[in-house]
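Novice: To start, I am sharing the structure in question, which I have written as structure tokens.
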Amino acid sequence: MWPSLLFLTLFLSLGMIGSAAATPVTLADLVNSGGELESLDGNLEFEDFSAGLEGAPQSALSLFSVVPVASGFRLDLAPGHGLASGTELILAYEVESEDHYYGDPIRSMAIEVLGTSFFSGGMIAFDDDDDDRPYLGVVDASLEPGAPTFDAVNLAMPAHEILIIARMVIGDDAGGGTEMTFSAQPIPEPSTGLLLGLGLSGFALFQRSRRTRA
């Protein structure tokens with residue numbers, strides 16, 4: 001009985017830790033307090049947040065919630081936000097791999113526009129460990145008709161610390177957000193994905209022809 005109780009206690013404790021880790025904070029708090037944020041997988045730290053609004057007062061930063069996700073964070077805008085369509089949020093922050101200089105460097109980044117609070121989102125990455133701050137990559141996504149709502153890119157070179165400059169354009173409707181993620185794994189090239197898809201399709205056709213002959 002005691003091992004079962006011990007396991008249950010440990011399970012509940014881990015559950016509470018996970019819930020606490022995913023607790024959203026306001027963007028205003030992160031900017032004003034110099035707070036840090038950790039991804040849910042524990043591989044990344046986000047710090048040195050700064051932000052500005054064009055078309056709305058700076059106090060409106062309190063309407064944005066920052067929610068940790070597996071390899072990044074999600075930025076949500078409160079329902080009924082009351083911000084004018086076309087308002088722009090400029091957000092800057094640093095991303096650092098947990099095992100700085102010893103762990104895997106950051107090789108790719110992605111952004112996804114979720115829901116309808118944001119018309120579009122994009123971010124530019126710079127090497128934050130170099131005085132010259134070389135340009136590393138850029139991603140954009142949009143809810144506009146015909147535009148991709150998700151985009152990802154391999155960095156020009158792997159880096160343990162990167163500086164992100166993000167730009168978000170607010171839409172008409174509430175209840176959405178945008179998600180920014182980073183990975184130590186490179187994104188497969190389109191040609192690789194295409195060859196894999198063709199290979200799987202060929203295998204499926206081969207299996208079907210075998211069943212037909214049988």
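The values are calculated or read from the model by the stated rules, or taken from the named source; none is laboratory data. What you see is a predicted model; the values in this text were computed from it and never measured. Ideal geometry is used to build each Cβ from the backbone, glycine not excepted, and the neighbour counts take in all protein chains shown.
Novice: Would you please list the contacts, defined by Cβ atoms under 8 Å and residues six or more apart or on different chains, that run from a residue in the stretch 151-172 that is basic (Lys, Arg) to a residue that is surrounded by fewer than 18 Cβ atoms within 10 Å (Cβ to Cβ) and assigned to a strand (DSSP E or B)?
Specialist: Cβ pairs passing all conditions: Arg167/Glu88; Arg167/Ile90.
Novice: Within the bounds of the stretch 32-46, is there any residue that is farther than 25 Å from Ser108 by Cα and assigned to a helix (DSSP H, G or I)?
Specialist: yes
Novice: Residues Asp104, Asp132: which one is exposed (fewer than 14 other Cβ atoms within 10 Å of the Cβ), over 17 Å from Glu179 (Cα atoms) and of a type outside the set (Lys, Arg)?
Specialist: Asp132
The rows are residues; the columns are (1) within 17 Å of Gly176 (Cα to Cα); (2) out of contact with any Gly (no Cβ under 7 Å at 6 or more places or on another chain).
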| position | (1), (2) |
| --- | --- |
| Gly52 | no, yes |
| Val66 | yes, yes |
| Ala78 | yes, yes |
| Val139 | no, no |
| Val153 | no, no |
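Novice: Please find, within the stretch 125-176, the residue that is farthest from Leu114 (Cα to Cα) out of those that are of a type in the set (Gly, Ala, Ser) and in a loop (DSSP other than H, G, I, E, B).
Specialist: Per the criteria, the residue is Gly146.
Novice: On the given criteria, is Val95 β-branched (Val, Ile, Thr), in contact (Cβ under 8 Å) with a residue 40 or more places away in the chain and crowded, with 18+ Cβ neighbours inside 10 Å?
Specialist: Judged against the criteria, Val95 is a match.
Novice: For Ser117, state whether it is among the small types (Gly, Ala, Ser) and over 21 Å from Ala28 (Cα atoms).
Specialist: So Ser117 does not fit the description; no.
Novice: Limited to the stretch 47-78, what total is found for residues that are polar (S, T, N, Q), in contact with a helix residue (DSSP H, G or I) (Cβ under 7 Å, 6 or more places away or on another chain) and assigned to a loop (DSSP other than H, G, I, E, B)?
Specialist: Qualifying residue count for the region: 0.
Novice: While we're looking at this one, here's another question. Among the residues of the stretch 119-127, is there at least one that is aromatic (Phe, Trp, Tyr) and either crowded, with 19+ Cβ neighbours inside 10 Å or under 19 Å from the mean Cα position of the chain (by Cα) (or both)?
Specialist: There is at least one residue in the stretch 119-127 that is aromatic (Phe, Trp, Tyr) and either crowded, with 19+ Cβ neighbours inside 10 Å or under 19 Å from the mean Cα position of the chain (by Cα) (or both).
Novice: Name every residue in the stretch 18-75 that is within 12 Å of the chain's Cα centre (by Cα) and under 19 Å from Phe118 (Cα atoms), in order of residue number.
Specialist: Of everything in the stretch 18-75, those that are within 12 Å of the chain's Cα centre (by Cα) and under 19 Å from Phe118 (Cα atoms) turn out to be Val66, Val67, Pro68, Val69, Gly72, Phe73, Arg74, Leu75.
Novice: Turning to a different aspect of this structure: I'd like to know if the stretch 128-135 contains one or more residues that are assigned by TED's automatic domain parsing to the domain that holds Ala28 and modelled with pLDDT of 95 or more.
Specialist: no
Novice: Mind checking whether some residue in the stretch 71-90 is among the β-branched types (Val, Ile, Thr), assigned by TED's automatic domain parsing to the domain that holds Arg167, at pLDDT below 95 and farther than 30 Å from Pro188 by Cβ?
Specialist: Yes; the residues of the stretch 71-90 include at least one that is among the β-branched types (Val, Ile, Thr), assigned by TED's automatic domain parsing to the domain that holds Arg167, at pLDDT below 95 and farther than 30 Å from Pro188 by Cβ.
Novice: Just the residues that are of a type in the set (A, V, I, L, M), under 30 Å from Gly82 (Cα atoms) and at pLDDT 90 or above, please, taken from the stretch 136-161.
Specialist: Within the stretch 136-161, Val138, Val139, Ala141 qualify.
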